[in-house]
1. Could I have the simple spin-label model distance between residue 205 and residue 101, label points 7 Å from Cα toward Cβ, reported in nm to one decimal?
2. Report for the range 131-299 the percent antiparallel among DSSP-assigned beta bridges with both residues inside it, nearest 5.
3. Under a GNM of the chain (C-alpha, springs under 10 Å), which listed residue has the highest mean-square fluctuation: 241, 158, 305?
4. Taking a ≥ b ≥ c as the square roots of the Cα gyration tensor eigenvalues, with a/c under 1.5 meaning rounded and otherwise prolate when a/b beats b/c, else oblate, which class fits the range 131-299?
5. Name the most mobile residue of 21, 102, 341, meaning the one with the largest mean-square fluctuation, in a Gaussian network model of the chain with Cα contacts below 10 Å.
6. Quick check: residue separation of residue 361 and residue 349 times 0.36 nm, minus the Cα distance between them. What number comes out in nm?
7. Relative to the longest principal axis of the chain, what angle (0 to 90°, nearest 10) does the C-alpha long axis of helix 306-327 take?
8. Helix-only mean residue ellipticity at 222 nm, the chain, DSSP H runs n ≥ 4 weighted -39,500 (n - 2.57), per residue, nearest 500. What is it?
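Quick note: the coordinates plus some simple rules give every number you see, no bench work behind them. This structure is a prediction, so every number in the text was calculated from the model and none was measured. Because the Cβ atoms are built from the backbone with ideal geometry, glycine has one as well, and the counts that use them run over all protein chains shown.
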């Protein structure tokens, strides 16, 4: 099969869908890998490395999109890329369609098969292709939040770790899954006062056991969320409903009740955000102030650490990519129900139940 790796064109996105090591594995399986020139250059994967792995390096996106049977990307196709897709072609990437009706309609019109990393499941539960980037975003969240709290960034001037004689900052993490647990680990490591809210007793018990009381765990009732948000210097939105839009847990009134200069990092923004005042931002302009609170809502947070993110993502996606290339998408998804769960759009139809419900299509 001909596997295409185009250069990402989303604002400030430098990740790439396949590393040279991944390309070598695909070639070893008998597949042709077509890489757009410069696709990995910004993160230390030069064209020469792809050529050494047996891939063909092509100038510009036209031939990559035009000749490849299977396109592997990181972020969702941008409007200019929808038109490059064709019937029967397979797209393998993050899509987040529940919060992006325009993209969904573009994919429907293309006739292509779109398989979303974020809805592929694992035999033991969980979302194995979302997990690596969730880990990255979760670990980044307290770091970018700490930076946004600085006065020159519009923050309140709170130092999250505190200093002797000065209390540390307070962090509220909404959701104790992969993003939330990683955010809690880093925030606790920074000596912040951390509270994690979740509705799953098993999640709360696991976090309580891990942190041995160093992190407060609360059942996420409306009252508990309201009180934790109002008291926090930094709120991290880390909730996820696979394939569906994120639930709005924090209202505008709750944001308005926060101390001026507090910070919200809404990692759930890819799925629409869990804070009413959240709206998507980019690495070029990552923050804005609403109700006196600094909002960081970058939709591709891991792109800021693109080399680490690319390697982690490629490690996770490669086995699934090889299965798709070796067997074709129909047989691969027939034999693997967990990969089948990743199919969001197929030949003009939305087939994922949660995406269908979110968009009403």
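1. Calculated label separation equals 4.2 nm.
2. Numbers: 5 of 28 bridges.
Close to 20 percent.
3. Per the Cα network of the chain with a 10 Å cutoff, 241 tops the list.
4. Details: a/c = 1.37, a/b = 1.06, b/c = 1.29.
Here the range 131-299 falls in the rounded category.
5. 102
6. Details: separation 12, 0.36 × 12 = 4.32 nm, distance 0.87 nm.
Result for the pair: 3.5 nm of gain on full extension.
7. Relative to the chain, helix 306-327 is tipped by roughly 40 degrees.
8. Numbers: 14 runs with 132 residues, N = 361.
It comes out at -10500 deg cm²/dmol, rounded to the nearest 500.
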